[in-house]
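Working notes for the structure below.
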Amino acid sequence: MCVDADLLTAAAESSESATADAVDRAALAAFIAALPAAEKDSLLLEAALGTAPLPSHRLLARYRATTAPRAGAKRRTAAQLLDAAYRHRTERRQREKAARAAAEQARARAAAEAREAHLDQLARNTGKAWRDIDDLIAQKKAAAYDAAIALLRDLRDIQTRTGCTADFDRRVGELRAAHRGKPSLMQRFDSMGIPNP
């Protein structure tokens, strides 16, 4: 069955309990006492022989049909059920959207913390990072150039955190001047925003 889950939830929100515990025992006893004797005998015989499936459920259903709905439970029209389903769907989607936003914020926070930890680690030995950049550029391969540019970005971010970018600008200018004959590397410097002296 393709029934909308939000509609089912809305319908179930104020459904009456079908359990025997919800039945007023005294009222049910009075209802049974008022039944014709022949009907009571027939129900007892069916229960004893097991020839009718669950005669107690049929009896309870008849009793409930003759009693007024319990306080607080009321019948709703199809339009009211559809409105309730719409409200339920809207609230559910808002909860899901809030949960997705919270998860995205948590992922972004974790990524930022990981980035900061990486930069902290790299900042402990920037001399090695500059040597690694020289070694990568010397390979004259696109993947090595990309790795060198990634390291340069990291070093720039470290220098930006300290507010002292003069040393970075000087060293990267020297790199650019030393490798001017490598057009692929120069394009990567341009895309990174490294000025051309």
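Some notes on this structure:
- Residue in segment 146-158 that is in contact (Cβ under 8 Å) with a residue 40 or more places away in the chain, open to solvent by less than 50 Å² (accessible area, probe 1.4 Å) and out of contact with any Asp or Glu (no Cβ under 9 Å at 6 or more places or on another chain) present: yes
- Scanning segment 20-27 finds one or more residues that are more than 30 Å from Thr9 (Cα to Cα), hydrophobic (A, V, I, L, M, F, W, C) and at pLDDT 80 or above.
- Restricting the first member to segment 87-116 and to residues that are open to solvent by less than 100 Å² (accessible area, probe 1.4 Å), and the second to residues that are assigned to a helix (DSSP H, G or I), the beta-carbon pairs closer than 6 Å and six or more apart or on different chains are His88/Asp6; His88/Thr9; His88/Ala10; Arg89/Asp6.
- The residue that is farthest from Asp135 (Cα to Cα), among those in segment 159-194 that are of a type in the set (A, V, I, L, M, F, W, C), free of Cβ contacts under 8 Å to residues at least 12 places away in the same chain and open to solvent by 50 Å² or more (accessible area, probe 1.4 Å), is Cys164.
- Within segment 124-145, the set of residues being in contact with a Ser or Thr (Cβ under 8 Å, 6 or more places away or on another chain) and surrounded by fewer than 17 Cβ atoms within 10 Å (Cβ to Cβ) comprises just one member, Ala142.
- Test: Ala129 is free of Cβ contacts under 8 Å to residues at least 40 places away in the same chain, over 30 Å from Thr9 (Cα atoms) and among the small types (Gly, Ala, Ser): yes
- Count of residues meeting criterion [of a type in the set (S, T, N, Q) and modelled with pLDDT under 90] in segment 69-112: 2
- Residue match in segment 61-68 (condition: at pLDDT below 85, exposed (fewer than 10 other Cβ atoms within 10 Å of the Cβ) and assigned to a loop (DSSP other than H, G, I, E, B)): yes
- Looking across segment 139-194, the residues that are part of a loop (DSSP other than H, G, I, E, B) and among the charged types (D, E, K, R) come down to Lys140, Lys141, Arg180, Lys182.
The values are calculated or read from the model by the stated rules, or taken from the named source; none is laboratory data. What you are looking at is a predicted structure, and each value in this text was computed from that prediction instead of being measured. Methodologically, a virtual Cβ is constructed for each residue, glycine included, from the backbone with ideal geometry; neighbour enumeration extends over all protein chains shown. The area values use the complete protein model at the heavy-atom level, side chains included, leaving out ligands, DNA and RNA. Shrake-Rupley method; radii C 1.70, N 1.55, O 1.52, S 1.80 Å.
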